[in-house]
Structures are given as C-alpha cells and as structure tokens.
Amino acid sequence: MIEFIKRLKLSYQVYNFFKKKDLQHNEKLYKKYGLNKKYYSSISSKDFEGLSNGNIEPNIERLKADPAFQQFSQASQQSLKQFNELGYAVIKDHFSVAQVDAVNNAIDELIESQQVKFRYNNKKIMFAIHKSEVVRKMAYDVPLQKMLHHLVDGEAVLFQSINFVHEGSEQKTHSDTLHMTTYPLGGLIGVWIALEDIEEDNGPVHYYPGSHKLPYFLNSAFDNEGSSLMLGEKKYADYEAMIESKLNNYSLEKKLFTAKKGDILIWHANLLHGGEAHLNKLKTRKSMVLHFFERDSICYHEVTQRPAIMKY
C-alpha cells in the first residue's frame, strides 16, 4: 500500500498544493512555454514533447569577457574555457583554509545542536544553507556565481546544498538530469567543493569527460514514464543498470577528482558522474555539493514528476 501511494501522482499534487509560495513562479514559465499546468501539477519530460526551444548552452565568450574571469588562475581559466567541450571545469585553491574550516565548524555546530540530521543512508546533510550564514556565504561566493551565470547562459539560482562529513555518496554513475531537470534542457549546474583533501581512498568523485554530449537519459530511456495517474514502477537500480549498459556502448574515459582543500569541480547537467567507494574508514570525507538552476527554466524532478520547490 505504501508503494502504491508513493507512485500515485495525486499524493504529490496534494503536497504541492500547500507549497504555493515556493511553486507559483512556475505558472509564468508554464504560460511562456505554452503548457496548460497549475503550480501543483505533475510535470515530466513527456509534457515537453513536440516543443522545440533547444537546449541551454554555456556562453563561453561572455564568460571570458567578464572581469571576474581574471580573478581565477590561468589553469582554472583554461579549464572554464573548455567547459563546453568537456562538460566540467576544475577551479584549484579557490577557497582558503580559513574559509573551509569555518564551514566545517559551522556544520559541526549544526549537527551538535541537532538543527540538521543525516539523511539518505545517513550520508547527506540537506539544505545547510538555510541554517548557517557561514555555509550560505560560501555557496553564494560572488566570483564563482558570476562564472555559473555564463555556464547556464542566464542567471544561476541556488537550489540546494548537500554536505558530506563521514562518507561520500558512493553513488553509481548517473546524470543529475534524472533527479533535477530543466526545460529547456541544460539549465542545471553542479558544484562540488572539497572541504578537506580528498584522495583515492576516501571516496573521490568520478566523472566521464564529454559524456554531457550524450542524449539525456530520462524516464523514457528505461520505460519509466508511468501513466496520467501513476509514476513509473521501475526502481532506481533499473536506471543505474541502464546507465551502465549505455557506458559500455561508448568509448569514454573515467576520471577521478582527487582534490585539495578548497578545490572546486563544476559539472554540466548531463555529465555522467558518481562517487567512488570510501575505502579508508579512518578518514572523513568532508565536502559540499551545490546545485544551481537557470532562473528562466522550468525546474522539476523527472524521476518523481514533480516541480522543484524553490526557496529564492
């Protein structure tokens, strides 16, 4: 019975009905793109079939012309310039040791005071940005956010933060697009910040350069669109298996992001990535993930077919 209720779209619509403040911005966007939707309606990629607004592409020329671009090292600038080609960028030494330590201390205080709790297999702390000014300040770093605006060719708006302390995600290869999706496609960007040194034995991020140019593998890619009343009945493991089979069809190089404290990895919405196993349990794995949406995109969750709740 519980699984049936979880698949029932009406369950999400009732929940959404009471979130008008955080969802009503979508009504203007639905009208813009010609959708007959209420703010609480279910939504998925199927609703955009037949529309042809193209995908969002990084505006590299505008990025290079921004004075904030000059604040980054030559190596970081070169990496940002290759974002469109590779689907990721590495920013070295962006945050100081003092800045990172302040965030780690803030997270410790939030845990101790029980203002946050670990979720999703006791690995993730969600939305610490809403609980700590210190954490929020790092998330809204001005030079970084200016670069993100250009990478989504619009205004990059912070959607969520995820903090890891003892373990990383250890998540199998995936694209963020199944979880957090936009229309037009490509309006999401991920930012991963090393809050301590991350080496091969404490769960580095892995990624596949160039994989963002593959098709967007959404619900239809693994027969999980469901019906007008019900979500699809496939499990997330079915999605992971589908991605693994797709990887076998392409010649893609897997890379690990071993990082120093304060380093940043930025990735495109469709870049295939995941988390390596945390082999050395004597080590922590402190990091923070931020996801940004392009403000004028319709933002939703493909896998659960619900609009994204945005707290601007």
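The table that follows gives values for the structure above.
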| read-out | value |
| --- | --- |
| Test set (1) on the phi < 0 side of the Ramachandran plot; (2) within 19 Å of the chain's Cα centre (by Cα) - GLN305 fails condition number | (1) |
| From ALA277, ALA221, residue being hydrophobic (A, V, I, L, M, F, W, C), buried (at least 16 other Cβ atoms within 10 Å of the Cβ) and more than 14 Å from GLY87 (Cβ to Cβ) | ALA221 |
| Where ALA68 falls short, out of the listed (1) in contact with a Lys or Arg (Cβ under 8 Å, 6 or more places away or on another chain); (2) of a type in the set (A, V, I, L, M); (3) without any contact (Cβ under 8 Å) to a residue 40 or more places away in the chain | (3) |
| Residue check, LYS261 over 27 Å from LEU80 (Cα atoms), in a loop (DSSP other than H, G, I, E, B) and either in contact with a His (Cβ under 7 Å, 6 or more places away or on another chain) or touching a residue at least 12 places away in the same chain (Cβ under 8 Å) (or both) | no |
| The stretch 125-156, residues that are surrounded by fewer than 21 Cβ atoms within 10 Å (Cβ to Cβ), outside any helix (DSSP H, G or I) and either touching a Ser or Thr at 6+ places or on another chain (Cβ under 8 Å) or not basic (Lys, Arg) (or both) | MET126, PHE127, TYR140, ASP141, ASP153, GLY154, GLU155 |
| Pair list, Cβ < 6 Å and 6+ apart or interchain, from the stretch 286-302 residues that are farther than 10 Å from VAL157 by Cα to residues that are of a type in the set (Val, Ile, Thr) and in a strand (DSSP E or B) | MET288/ILE193; VAL289/ILE162; LEU290/VAL191; SER297/THR182; CYS299/THR182; TYR300/THR181; GLU302/THR181 |
| From ASN163, ASN122, ASN105, residue being at pLDDT below 95 and within 17 Å of SER287 (Cα to Cα) | ASN122 |
| TYR15 being surrounded by fewer than 17 Cβ atoms within 10 Å (Cβ to Cβ), under 24 Å from the mean Cα position of the chain (by Cα), among the hydroxyl-bearing types (Ser, Thr, Tyr) and over 23 Å from VAL152 (Cβ atoms) | yes |
| Selection count where residues are part of a loop (DSSP other than H, G, I, E, B) and either of a type in the set (D, E, K, R) or exposed (fewer than 12 other Cβ atoms within 10 Å of the Cβ) (or both), scope the stretch 31-61 | 9 |
| Single residue of the stretch 18-55 satisfying the filter (under 22 Å from the mean Cα position of the chain (by Cα) and charged (D, E, K, R)) that is nearest to TYR216 (Cα to Cα) | LYS46 |
| Residue tally, condition out of contact with any Asp or Glu (no Cβ under 6 Å at 6 or more places or on another chain) and in contact (Cβ under 8 Å) with a residue 40 or more places away in the chain, over the stretch 78-107 | 19 |
| Some residue of the stretch 211-226 being in contact with a Phe, Trp or Tyr (Cβ under 8 Å, 6 or more places away or on another chain), under 20 Å from ASP141 (Cβ atoms) and touching a residue at least 40 places away in the same chain (Cβ under 8 Å) | no |
| Inter-residue pairs, beta-carbon under 8 Å, first under 17 Å from PHE293 (Cα atoms) and in contact (Cβ under 8 Å) with a residue 40 or more places away in the chain and in the stretch 16-29, second surrounded by 15 or more Cβ atoms within 10 Å (Cβ to Cβ) and among the small types (Gly, Ala, Ser), 6+ apart | LEU29/SER297 |
| Every residue from the stretch 68-110 that is in a helix (DSSP H, G or I) and of a type in the set (S, T, N, Q) | GLN70, GLN71, GLN74, SER76, GLN77, GLN78, SER79, ASN84, GLN99, ASN104, ASN105 |
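The values are calculated or read from the model by the stated rules, or taken from the named source; none is laboratory data. Predicted model, so just to flag it, every value in this text is computed and none were measured. Here the Cβ is made from the backbone with ideal geometry for all residues, glycine too, and neighbour counts use every protein chain on show.
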